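Accompanying notes for the structure given below.
What follows draws every value from the coordinates through simple rules; no lab data is involved. Since we're looking at a predicted model, the values are computed, not measured. So basically every Cβ, Gly included, is an ideal-geometry build from the backbone, and we count neighbours across all protein chains shown.
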Amino acid sequence: MSEQIQVRLNGKDRDIAGGHSVRTLLESLELHPGMVVVELNKEILERDRYNDVDVQGGDMIELVHFVGGG
Amino acid sequence: MSGDGVSGIDAAQALDGPLEIGGATFVSRLIVGTGKYADNDIMVRAIRASGAEMVTVAVRRVDLDRTKDEAILHHLSPDEFFLLANTAGCYTAEDAIRYARLARAAGFNEFVKLEVIGDEATLLPDVQATLEAAKILAAEGFKIMAYTNDDLITALRLEDAGCVAVMPLASPIGSGLGVVNPYFIREIKRRLHVPVIVDAGVGTASDACVTMEQGVDGVLMNTALAAADDPVRMSHAMKHAVVAGRLAFLAGRMPSREIAVPSSPMTGMLD
């Protein structure tokens, strides 16, 4: 069991298990990768990089999607 | 083309050409928002009733606590509707650019409804920040449909900046006041080459009809449908109103005059 790390996720500090890639983080949150856009430390992360990029302690992660709006 | 012998709204729509925006083509000149509906089922039924092909959506954080099903893609298929992401809620050019980039990364299209608000009370646009954001986003290849004030000079500058459509307001967002300055709307339409879509302020069917009678290319609305007592009925009404206003514009109205002119012959009357 890897150690816990703290990340800033959608504006809230959260403790998550270390060793996550972005893809496995999304899976742990039950989010379909095609349904969200990931911003990692203020940079958009392209979908084809979700497997390769690991989540690090202190990361600022924004997970956004489309909602109703005018 | 006279359309003799045909009836119904589809036949009426066929008397008009398509709406072309940034290389995309639409039969309907009505663009609708997806916000503020009582529930998702009513939203979907209302949008289908409106006949709109392009729908606006907002970019927001995923609610990780899952209090409700906000994901619009669970309810509206991108195969059925053309998604126009907006930058609603942004008060600076920097924020609007950030939201536009996030929207494009969702992978549907290059279009964005650029909206930079300048004032919380009126939700009137910050036209300077809108123009600044438009120049940067245009350079990045975005197809920008810019929400703006009913100001000709700003509209011309947004066109020069590379926007694929300019969208002056009829009146403030969510106000339902209708077109407060039809002359300015007509002047913007007369002077621009890109499509002019009136965005915001339409309250009811007559407002939509009057808007289209000014000669603009389309109308975008949200609250007028979502906040109606019966959104599905109102959406049917708006669909007809937009087509009616458009055809009335194309048909060319009679001159208005403040004297009566009889419609029946003055000759052949009995002694």
Notebook entry, point to check: Given springs between every Cα pair under 10 Å in a Gaussian network model of chain B, which of B:A133, B:A11, B:A88 has the largest fluctuation?
Noted result: B:A11
Item checked: Positive-pole candidate from B:L220, B:T154, B:T92, dipole of chain B, charges at beta carbon -> B:T154
Next item on the list: Pull up the DSSP beta bridges for the protein assembly as shown and report the antiparallel fraction as a percent, rounded to 5.
Entry: 50 percent
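What Kirkwood hydrodynamic radius, in Å, does chain B give when the mean of 1/r is taken over all pairs of distinct Cα atoms and then inverted?
Hydrodynamic radius (Kirkwood, Cα pairs) of chain B is 19.4 Å.
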Margin query: Quick check: pseudo-label points 7 Å beyond the Cα along Cα→Cβ at B:D41 and B:H74, how many nm apart are they?
Written below: 1.5 nm
Notebook entry, point to check: What is the Cα convex hull volume of the protein assembly as shown when expressed per residue in Å³?
Noted result: 164 Å³
Check: Counting only other chains, what is the mean number of Cβ atoms within 10 angstrom of the Cβ of each residue in peptide B:57-69?
Finding: 5
Next item on the list: Would you look at the GNM of chain B, springs on alpha carbons closer than 10 Å, and say which of B:L64, B:L250, B:L156 moves the most?
Entry: B:L64
Item checked: Separation of the B:D65 and B:D230 label points, Cα + 7 Å toward Cβ, nm -> 3.8 nm
Item checked: For region B:26-145: span of alpha carbons on each principal axis (Å, largest first) -> 38, 37, 29
Item checked: Sorted largest first, extent of region B:115-271 alpha carbons per principal axis (Å) -> 78, 37, 26
Checklist line | Net dipole in debye of region B:25-251 [+1 Lys, Arg Cβ; -1 Asp, Glu Cβ; about Cα centre; nearest 20] | finding: 460 debye
Item checked: Cα-based Lys pair tally, region B:25-251, threshold under 18 Å, eight or more apart or on separate chains -> 5
Margin query: Need one word for region A:4-64: rounded, prolate or oblate. Basis is the Cα gyration tensor (sqrt eigenvalues a ≥ b ≥ c); a/c below 1.5 gives rounded, then a/b vs b/c decides.
Written below: rounded
Notebook entry, point to check: Between Rg and the Kirkwood Rh of region B:209-266, both from Cα atoms, what is the Rg to Rh ratio?
Noted result: 1.17
Next item on the list: Just the number, please: percent antiparallel of the DSSP beta bridges in region B:96-254, rounded to the nearest 5.
Entry: 10 percent
Next item on the list: Among DSSP beta bridges lying fully in chain B, give the percent that are antiparallel, nearest 5.
Entry: 15 percent
Check: In a GNM of chain B with a 10 Å cut-off on Cα contacts, which of B:A227, B:A71, B:A96 has the highest mean-square fluctuation?
Finding: B:A71
Check: Taking region B:56-129, which trypsin sites (Lys or Arg not before Pro) meet the DSSP loop condition and have no more than 12 other C-beta atoms within 10 Å?
Finding: B:R66, B:K68
Item checked: Helical mean residue ellipticity (222 nm; -39500 (n - 2.57) per DSSP H run of 4+; nearest 500) of the protein assembly as shown -> -9000 deg cm²/dmol
